[in-house]
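Undergrad: This structure is in structure tokens; I'll ask about it shortly.
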Amino acid sequence: MTQLEAVLEAILFAVGDAVPVSRLITAADAEPAAVAHALHGLEAHYAQAGSGIELVRMKDKVQLCTRPEYATAVRRATESRRPPALSAAALEVLTVVAYRQPVTRAYIEQLRGVDSSGTVASLLEKGMIEPCGHLDVPGRPTLFRTTDIFLRTFGISGLTELPDLPEWNPEEQMVMGEME
């Protein structure tokens, strides 16, 4: 790898997004032809090495990207570092699933008192819950449970580490509601 290739690689790695070639020329203080040659060299280097990284060209920009065949592994790794954003509704649904699993969407909706189909779909997409079978009743509704991503997101190794639920006293709740 040439010095210019190493400089361009360092810039592209540090920026993380697509960088205009004109900006690379300025940052590397190099001639346009030399930068073009170095970028071709980087492309060849990543292709020959069987690397997990590739140089991607987008019009007048270039970017270092992971190869598509490694997307699943990268997604798993980055989700463990950066928990997905969760709304209050998502936290409510997760609480129901975590403490009462396996549960159906109808059970979640009965406890919450609102339609939860969108929230359940969002949690499925984020990998926080997963289908784990069907209830043996007419219509065979899907049962849901939490996943390893749920555990990693909340920093626990198992459901036994969840805090105990507070005791619920409906009479006390009514009194508290009247006081407000």
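The values are calculated or read from the model by the stated rules, or taken from the named source; none is laboratory data. Source: prediction; values computed, not measured. Positions of Cβ are backbone-derived with ideal geometry, glycine not excepted, and every protein chain shown enters the neighbour counts. Accessible surface is based on the protein model in full, side chains and every heavy atom, while ligands, DNA and RNA are left aside. Shrake-Rupley method; radii C 1.70, N 1.55, O 1.52, S 1.80 Å.
Undergrad: Quick check on this structure: which one of ALA28, ALA18 is surrounded by 15 or more Cβ atoms within 10 Å (Cβ to Cβ), over 30 Å from LEU151 (Cβ atoms) and at pLDDT below 90?
TA: Among ALA28, ALA18, only ALA18 is surrounded by 15 or more Cβ atoms within 10 Å (Cβ to Cβ), over 30 Å from LEU151 (Cβ atoms) and at pLDDT below 90.
Undergrad: Considering only the range 59-76, how many residues are open to solvent by 50 Å² or more (accessible area, probe 1.4 Å) and modelled with pLDDT under 85?
TA: Selection size over the range 59-76: 8.
Undergrad: Ok, one more. Kindly establish whether LEU39 is more than 15 Å from THR2 (Cα to Cα) and open to solvent by less than 30 Å² (accessible area, probe 1.4 Å).
TA: no
Undergrad: Starting from the range 46-72, take each residue that is within 16 Å of GLY16 (Cβ to Cβ) and in contact (Cβ under 8 Å) with a residue 24 or more places away in the chain and list its partners that are open to solvent by 80 Å² or more (accessible area, probe 1.4 Å) and in a loop (DSSP other than H, G, I, E, B), counting only C-beta distances under 9 angstrom and pairs at least six apart or across chains.
TA: Sorted first by the residue in the range 46-72, then by its partner, the pairs are LYS61/ASP17; GLN63/ASP17.
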